[in-house]
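In what follows, a structure is listed as structure tokens, so that the remarks can point back to it.
The values are calculated or read from the model by the stated rules, or taken from the named source; none is laboratory data. Computed from a predicted model, the values in this text were never measured in an experiment. Cβ: placed from backbone, ideal geometry, glycine included. Neighbour counts: every protein chain shown. What goes into the accessible areas is simple: the full protein's heavy atoms, side chains included, and nothing from ligands, DNA or RNA. Shrake-Rupley method; radii C 1.70, N 1.55, O 1.52, S 1.80 Å.
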Amino acid sequence: QGVIRVHLLEAENLVQKDNFLGAIRGKSDPYALLRVGTVQHRSKTVSRDLNPIWNETFEFVVHEVPGQDLEVDLYDEDPDKDDFMGSLLISLVDVMNDRIVDEWFPLSKTTSGHLHLKLEWLSLVNDQENLHEDKKGLSTAILIVYLDSAFNLPKNHFEYSNGECGAKKTKNNKYLKKMEREPSSFVLLTVGNKTQKSKTCNFSKDPMWGQAFTFFVHSAHSQSLHIEIKDKERDSALGTSVVCLSHLLKDPNMTLDQRFQLDHSSSDSFIKMKLVLRALNVEEPDPQRVKAGVNASKLGPMRVMEKAGNQQKFSSPQVSKVPPMSKDSAALESLPKKDSGEDLDTKDTSGAPVPSETVPGLDEAEGKQNPEHGPPSALPSGAAAVPTLPVLQEMRVAPSITSLGSLPSSCFELSSSNLDIHNGTEMPLGEIQLTVRYASVRQSLVVLVNGCRNLVSSSNRGVDPYVRIYLLPDRRWTSRKKTSVKKKTLNPQYDEKFEFFESLENVKKRTLDIAVKNSRPFMSQERKELGKVRIDLSGEDLIKGFAQW
């Protein structure tokens, strides 16, 4: 969707965390952790200063808006355990719309402190004029690499010598058999000082990876993409390739989609990749638009359809104009947002979180469960129109699942038709909000599970819901996608993204099978299924995509 450039400038009036001999307050040593999705950066530590000045810049690729936010946590660095000093959650929807946000943001989950950030939204444009080298060392472009497959990899590094095949003879039969086994290969991709690693394809001379990677580019005219295919068993190189990014500039779309001859490999060994270069551009803000400014900060969790007496309060995640929405989704955008500052957790927290190893580009599901990071489902502030009665009726009486084929813009109501429910009726079991689109560059179907509302409890002890996804007819366990588990809630919020790497032609023949399930204890008699929905993708405009309940 774009790139967010974060200028971490300074903070003021931070809380004192250091104790001296258990009594006298000392000054803290603050640093910041900044996250978008699974990517995390750490600032430098400013010693003994409650008004630190950093003046550092960080850049993040943003894959989904809405769905990803900027999280900032401040910590006091200590020899034993770092103390939490406050946090901030910024709506990237507002930054994308405002283009530039330069504000002092009040920190949440702490008693005092403000953080000064300058945020720039960089659009991806097919314009070579924006590719001049930045004097400050900032990125001017991103390179998107779709790693498809390789052909005719040598079985081992003895098989080639200066491009000529000639297997080395050996008297040890056991070793010879191991050498003759087809390679288990992975790819190292490097641009500048950043290296990313693909998954491993076991025992194949024609491996299929089907993965996408992104790199920040400072100088497209001089930088190169370095590819090295390695064998996991012997850690030996099976082939290399170097692609100068200047080759992309010769194509009007700044795109290369082809097979590349591998060096230091067999003469008929190739790797197939699609490379897309896009310049980063800060567009001029719309002078007519009312800027969100400091209101881009998200302060608390979302409440979905709370029942208070006979009244129902509605609130819904703000849906951006990317991807385009259906009529029902547009109606949801106008629903009021509840002031949710009442649920802030002011309790001090434990040490700094340790980022786990995750797949690049996917939302950090488990990290977002940590209350220190701020609730990811929170809403940006700002007034919205009160819904009219027909809108409320439309939400309460969602079309049944059987009408999905004829009503592409209908709500996805969870159906009980396939479940073992002994109430004798086809009762609605709640709704699930999904964002679905086909990413042409990545050649993948992107499914963003936003959340559910009004689920029906199957247990007196409450339910711990999660969402399971198949792309039918493929029901293999290895192809299953699954969200994290949310504890004791009938309105879980996930904001988790999943990808199915298939051609658009194949996806059009498939059906999304989505089930909401209860993570029950082992040997429990509780019902596991809470509801399910199937979406026929043949009738949807997946390039435009849709975001709806």
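Could you identify the single residue in 78, 73 that is of a type in the set (Asp, Glu) and over 22 Å from the mean Cα position of the chain (by Cα)?
None of the other options fit; the residue is 78.
Please go through the stretch 112-150 and pick out each residue that is more than 30 Å from residue 297 (Cβ to Cβ), surrounded by fewer than 18 Cβ atoms within 10 Å (Cβ to Cβ) and in contact with a Ser or Thr (Cβ under 6 Å, 6 or more places away or on another chain).
133
Where in the stretch 43-101 are there strands (runs of 3 or more DSSP E), lying wholly inside it, with at least 2 residues that are open to solvent by 10 Å² or more (accessible area, probe 1.4 Å)?
The strands (runs of 3 or more DSSP E) meeting that bar are 53-62.
Among the residues of the stretch 463-484, is there at least one that is open to solvent by 40 Å² or more (accessible area, probe 1.4 Å) and in contact (Cβ under 8 Å) with a residue 60 or more places away in the chain?
Checking the stretch 463-484: not a single residue is open to solvent by 40 Å² or more (accessible area, probe 1.4 Å) and in contact (Cβ under 8 Å) with a residue 60 or more places away in the chain.
Criterion first (charged (D, E, K, R) and modelled with pLDDT of 85 or more) does residue 481 satisfy it?
It is true that residue 481 is charged (D, E, K, R) and modelled with pLDDT of 85 or more.
Suppose we filter 456, 449, 463 for residues that are touching a Gly at 6+ places or on another chain (Cβ under 9 Å) and either assigned by the TED database to the domain that holds residue 509 or part of a strand (DSSP E or B) (or both); which single one remains?
Result of the check over 456, 449, 463: 456.
Might you check whether a residue that is assigned to a loop (DSSP other than H, G, I, E, B) and open to solvent by 10 Å² or more (accessible area, probe 1.4 Å) occurs anywhere in the stretch 530-539?
No, the stretch 530-539 contains no residue that is assigned to a loop (DSSP other than H, G, I, E, B) and open to solvent by 10 Å² or more (accessible area, probe 1.4 Å).
If you scan the stretch 213-266, which residues turn out to be at pLDDT 90 or above, farther than 30 Å from residue 137 by Cα and open to solvent by 50 Å² or more (accessible area, probe 1.4 Å)?
Of everything in the stretch 213-266, those that are at pLDDT 90 or above, farther than 30 Å from residue 137 by Cα and open to solvent by 50 Å² or more (accessible area, probe 1.4 Å) turn out to be 258, 259, 261, 263.
Tell me, please, whether a residue that is modelled with pLDDT under 90, open to solvent by 60 Å² or more (accessible area, probe 1.4 Å) and closer than 26 Å to residue 502 by Cα can be found in the stretch 173-194.
yes
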